[in-house]
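Just below is one structure, and these are the notes that go with it.
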Amino acid sequence: MALLALSAITPAYADLKLCNRMSYVVEAAIGIDDKASTASRGWFRIDPAQCRVVVQGTLTADRILLHARALGVYGASPVPQNGSDRLCIAPDNFVIAAARQCRSGQTAAPFTEIKPTATDDGNLVAYLAEDSEYDDEQAKLAGIQRLLVIAGYDAAPIDGVDGPKTQAALAAFLKSRGLAADVVQAPNLFDAMIKAVEAPSSTGLTWCNDTPHKIMAAVGSDDGKAVTSRGWYRIDPGKCLHPDVSGQPKQLYSFAEAVNADNRAVKIKDKPLSWGGGVMLCTRDSKFEINDQHDCAARGFNRTGFTSVDLSSGGKTLRFTLP
């Protein structure tokens, strides 16, 4: 993920906008570094090809910082940021006045300094972009393609280029979910697509969280040559999610655990609340994609028990419930 900033910033008397030219729906948090104090606030949801005002009116700051995360529906993507500042964030909407000293329920995240550019209307704007350097139209189409792939439709490659393959996948998706074709032009397009993707599906693997806790899940995929493990996917309470599994794997595996606001395992009667099995695959605490499942511990990974997923009927929904 690249955070594009085009000119130096000085104290401004205008709105600050963030514009999303990525193929992901993102949630952004900003940090305001002003002399001896640093505050953070979030989350601001921004769809592909959309802009959002994150600060209104007079803005005086020595530095402006940004952290962005993709929605949980995207799993382990996109690549983590590597900002040099670490400020406090919270799982839900937040305003933190002393953002360099995290309290309970808050965690430190990497923030990157941005230097927005002035626009013709006198406001300031900064762009969130990928290496692909999409324009607005390409970002929207790439965002549609990415959700289609997650839902199990062949809209690859995710390149922001329209064509018969993307249109056929989109038409099939809309028909299967009972959505009208004109939803593509509606302002709530990504809301409608994400809601459909998060519903149980008759194809592939679906996870559904029927607990009051946030759940982090991982998937294993065996293509006959190697087993790849990938995580973590965030599944909020009451939501469902499809892990992005490409191709036609011979076997899938699943592991999930409930975590609290500090991302620590939820325990019931001193046992972690988790859903797994006896197939041991490599994982790690942060986001990962691991192609070799041998000698996990020797390579610095965790050895985690996954359960096999039966897809003989075409689809499988795993519902995570309290014991």
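The values are calculated or read from the model by the stated rules, or taken from the named source; none is laboratory data. Every value quoted in this text rests on a predicted model; they were computed, and no experiment measured them. Cβ atoms come from the backbone with ideal geometry, glycine included; neighbour counts cover every protein chain shown. Each accessible area value is taken on the protein alone, full model and side chains, heavy atoms only, with ligands, DNA and RNA left out. Shrake-Rupley method; radii C 1.70, N 1.55, O 1.52, S 1.80 Å.
The table that follows gives values for the structure above.
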| read-out | value |
| --- | --- |
| Antiparallel content of DSSP bridges confined to the chain, in %, to 5 | 85 |
| J(HN,Hα) series, region 175-190, from Karplus relation 6.51 cos²θ - 1.76 cosθ + 1.60, nearest Hz, glycine and proline x | 5, 5, 9, x, 9, 6, 4, 6, 5, 4, 9, 7, x, 9, 3, 6 |
| Fully extended contour minus Cα-Cα distance, from Lys195 to Asp210, at 0.36 nm per residue | 3.8 nm |
| Carbon/sulfur fraction of accessible area - region 88-200, other protein chains in place, 1.4 Å, % | 51 |
| Net lengthening on full extension, Asp92/Leu318 (0.36 nm per residue, minus Cα-Cα) | 78.8 nm |
| Potential lengthening between Ala108 and Met280 on full extension [0.36 nm per residue; Cα-Cα distance subtracted] | 58.8 nm |
| Surface share of carbon and sulfur [accessible, 1.4 angstrom probe, percent] for region 253-323 | 45 |
| GNM top mover of Leu148, Leu189, Leu66 - the chain, alpha-carbon springs below 10 Å | Leu189 |
| Accessible area per residue, Å², the chain with all protein chains present, probe 1.4 Å | 50 |
| Residues with amide H under 5 Å from that of Gln50, placed H, sequence gap 5 or more | Asn20 |
| Burial ranking of peptide ranges 294-304, 252-262 (average Cβ count within 10 Å, highest at the top) | 252-262, 294-304 |
| Nearest-0.05 FRET efficiency for Asp131 and Val184, computed from C-beta distance (R0 35 Å) | 0.85 |
| Candidate lysines - alpha carbon under 26 Å from Lys225, same-chain residues fewer than 8 apart omitted | Lys250, Lys287, Lys316 |
| Sequence-distant residues sharing a close amide H with Ala61 (under 5 Å, placed H) | Ala12 |
| Among (1) 16.4; (2) 22.8; (3) 18.3, the entry derived from the coordinates for mean projected area of the Cα convex hull in nm² | (3) |
| Ala156-Lys225 pseudo-label distance in nm [points 7 Å out on the Cα-to-Cβ vector] | 1.2 |
| Calculated FRET value between Gln248 and Asp310, using beta carbons and R₀ = 22 Å, to 0.05 | 0.90 |
